[in-house]
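The values are calculated or read from the model by the stated rules, or taken from the named source; none is laboratory data. What you see is a predicted model; the values in this text were computed from it and never measured. Don't worry about glycine lacking a Cβ; one is built from the backbone with ideal geometry, like all the others, and counts go over all protein chains shown. The protein model used for the area step is the full one, side chains on, heavy atoms only, and it has no ligands, DNA or RNA in it. Shrake-Rupley method; radii C 1.70, N 1.55, O 1.52, S 1.80 Å.
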Amino acid sequence: FCTSIGLHARAAAEYCTGHVADLLHSTPADLLDPFHQVLLQQLLHRPLTMKPLEAQMETAACLNYCLGLNPPLIKMNQADATAKLPELLHEALKMAESNFDEPGRAYRILSFPMHSRAVLQTQLRSQCIQLLCTAMACNTEGLRTRTIAMFFKSLTCRTPEIVAASKKGLQQVISQHNLPKDLLQSSLRPILGPICANYKHLSLPLLQGLARLLELLSNWFNVTLGEKLLEHLRHWLEPEKLMNAKNLWKAGEEAKIADALINVFHLLPAMAGKFLDELLKLSIDLERVLPQSGTYSELCSPYRASITRYLNMYKSEAVDYFLATTPINRVTQPAYYNRFVEMVKSDIGKPLREELAANPEKIMATAFGGPSVWREAQGLSALRQKVLQAQANLTILRPAMAVEASADQPL
């Protein structure tokens, strides 16, 4: 309950408390119950925003631990030392929602150097989000809607710690509750609105936030979102216009935006397999308009990993697409063949390699003939399975046949 020991020392103290409780065949909540009222009174007697920054983080971490115990050491809406807890949770929510870049938001940490200030701001916001995530399991009806909206908004943050805490909070909410449709739509609107409106509104945090949403709620999205993403991607076929447009993205960020768009496709609902042909053709065209040299080029494409993830999701269709000989024999076209080989050999191309290894007849048919050979190879594969099964049955029956034959011989 001390607010000046540091987060690492706090983690060690929590571990030791749990270990002692195990030795005594008890729980941490039972060990701390006799004196937690007095200690909590000292912890909650001042508003969170009136404490120094380190004390704010320590207070949030301590309350997070107490609420996360089983059973919880603190219960909501009690007329005791914890009566101020809802008020403190509202303060934590404001900090989790805040943008510290705005003037006046961080008036209690201006004395820190710029780098240390940014680190402390991130830690404070992350601790507040973790506290709210734990508090969602308690009776926090007055905070629930705003907290869920904050989780959605924080998915577009550039800071990994904040994203991880928000994603965990959303996973917990989704697993425990059915989100109301109106709440879900209002929470998704700040992310989907700019993406569906105009390609000039796209940004890396926005597209990364969309990818994280799809990981959690892909069944809530319509596959037609892929058509809008393809429409945006076609603007990258005219790199001169993108480079001439001022104040859109940082220099050199254009290719990263396109890659983030492509990376969304493997997270779309299952019907997104219909974009296979169009997405592959577009990615080839996008690579052709990359600079001949530099960080990204056709030989060092930023798009291959994202395309490979998409192909992994539809590995059977992808293998058929590349190995088919009609109406187009793509194996004979370097634009397709070289890319396919590179993706199959890549570290993340294992599902494609496994699909090829499981279907050697497709490779044989493509290498030595057309569709008729393919069908013949499939027939030979089925015949081979039957022969092997017959041989196995004969091996099993042979000892019994030998015994029967010896019994028929005269003595």
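Scanning for something modelled with pLDDT of 85 or more, more than 12 Å from THR134 (Cβ to Cβ) and buried (at least 16 other Cβ atoms within 10 Å of the Cβ), does region 63-72 turn up at least one residue?
no
Does region 326-335 contain any residue that is touching a Phe, Trp or Tyr at 6+ places or on another chain (Cβ under 7 Å), of a type in the set (Lys, Arg) and free of Cβ contacts under 8 Å to residues at least 40 places away in the same chain?
Yes; the residues of region 326-335 include at least one that is touching a Phe, Trp or Tyr at 6+ places or on another chain (Cβ under 7 Å), of a type in the set (Lys, Arg) and free of Cβ contacts under 8 Å to residues at least 40 places away in the same chain.
Residues to consider are SER187, SER218; find the one that is farther than 27 Å from THR122 by Cβ, among the polar types (S, T, N, Q) and touching a helix residue (DSSP H, G or I) at 6+ places or on another chain (Cβ under 9 Å).
SER218 is the lone residue from the list that is farther than 27 Å from THR122 by Cβ, among the polar types (S, T, N, Q) and touching a helix residue (DSSP H, G or I) at 6+ places or on another chain (Cβ under 9 Å).
Which of the numbered conditions does PHE340 fail, given that it passes all the others? Conditions: (1) more than 23 Å from ALA270 (Cα to Cα); (2) of a type in the set (A, V, I, L, M, F, W, C); (3) modelled with pLDDT of 80 or more.
(1)
The rows are residues; the columns are (1) over 25 Å from SER316 (Cβ atoms); (2) touching a residue at least 40 places away in the same chain (Cβ under 8 Å); (3) open to solvent by 40 Å² or more (accessible area, probe 1.4 Å); (4) in contact with a Leu (Cβ under 9 Å, 6 or more places away or on another chain).
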| residue | (1), (2), (3), (4) |
| --- | --- |
| LEU230 | no, yes, no, yes |
| LYS241 | yes, no, yes, no |
| LYS250 | yes, no, yes, no |
| GLU253 | yes, yes, no, yes |
| LYS256 | yes, yes, yes, yes |
| LEU267 | no, yes, no, yes |
| GLY273 | no, yes, no, no |
| LEU279 | no, yes, no, yes |
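Could you say which residue among ALA11, ALA21 is among the aliphatic types (A, V, I, L, M) and under 21 Å from CYS133 (Cβ atoms)?
Step by step, each of ALA11, ALA21 is checked, and only ALA11 is among the aliphatic types (A, V, I, L, M) and under 21 Å from CYS133 (Cβ atoms).
Picking from LEU311, LEU286, LEU282, which residue would you name as being at pLDDT 90 or above, aliphatic (A, V, I, L, M) and under 23 Å from the mean Cα position of the chain (by Cα)?
Going through LEU311, LEU286, LEU282 in turn, the sole match is LEU311.
Report every pair of residues separated by at least 6 positions or lying on different chains whose Cβ atoms are under 6 Å apart, first residue within region 77-91 and under 22 Å from GLN127 (Cβ atoms) and at pLDDT 60 or above, second small (Gly, Ala, Ser) and buried (at least 16 other Cβ atoms within 10 Å of the Cβ).
That search, which allows pairs on different chains as well, returns LEU89/ALA135.
Please go through region 32-42 and give me each residue that is surrounded by 17 or more Cβ atoms within 10 Å (Cβ to Cβ) and out of contact with any Asp or Glu (no Cβ under 9 Å at 6 or more places or on another chain), ordered by number.
LEU32, HIS36, listed by residue number.
For region 338-363, how many residues are in a helix (DSSP H, G or I) and among the polar types (S, T, N, Q)?
The qualifying residues number 1.
Can you tell me which residue is nearest to PRO190 (Cα to Cα) among those in region 148-174 that are within 14 Å of the chain's Cα centre (by Cα) and β-branched (Val, Ile, Thr)?
Only one residue tops the list, namely THR156.
Which residues, taken from region 306-359, are among the hydroxyl-bearing types (Ser, Thr, Tyr) and either surrounded by 18 or more Cβ atoms within 10 Å (Cβ to Cβ) or closer than 25 Å to LEU229 by Cβ (or both)?
Those that are among the hydroxyl-bearing types (Ser, Thr, Tyr) and either surrounded by 18 or more Cβ atoms within 10 Å (Cβ to Cβ) or closer than 25 Å to LEU229 by Cβ (or both): SER306, THR308, TYR310, TYR314, SER316, TYR321, TYR336, SER346.
For residues that are within 21 Å of MET364 (Cβ to Cβ) and assigned to a helix (DSSP H, G or I), tally how many sit in region 302-337.
Residues that pass the stated criteria total 14.
For a quick check of your reading of the model, give me the residue pairs whose first member lies in region 12-23 and is open to solvent by less than 70 Å² (accessible area, probe 1.4 Å), whose second is in a helix (DSSP H, G or I), with beta-carbon atoms closer than 7 Å and at least 6 apart or on different chains.
Sorted first by the residue in region 12-23, then by its partner, the pairs are GLU14/TYR65; THR17/PRO28; THR17/LEU31; GLY18/PRO28; VAL20/LEU31; ALA21/PRO28; ALA21/LEU31.
Here are some residues: THR159, THR122, THR134. Which one is open to solvent by less than 40 Å² (accessible area, probe 1.4 Å), touching an Asp or Glu at 6+ places or on another chain (Cβ under 7 Å) and of a type outside the set (A, V, I, L, M)?
Of the residues listed, the single one that is open to solvent by less than 40 Å² (accessible area, probe 1.4 Å), touching an Asp or Glu at 6+ places or on another chain (Cβ under 7 Å) and of a type outside the set (A, V, I, L, M) is THR122.
Right, PRO205: open to solvent by 10 Å² or more (accessible area, probe 1.4 Å), in contact with a His (Cβ under 7 Å, 6 or more places away or on another chain) and of a type outside the set (Ser, Thr, Tyr) or not?
Considered against the rule, which asks whether it is open to solvent by 10 Å² or more (accessible area, probe 1.4 Å), in contact with a His (Cβ under 7 Å, 6 or more places away or on another chain) and of a type outside the set (Ser, Thr, Tyr), PRO205 comes out as no.
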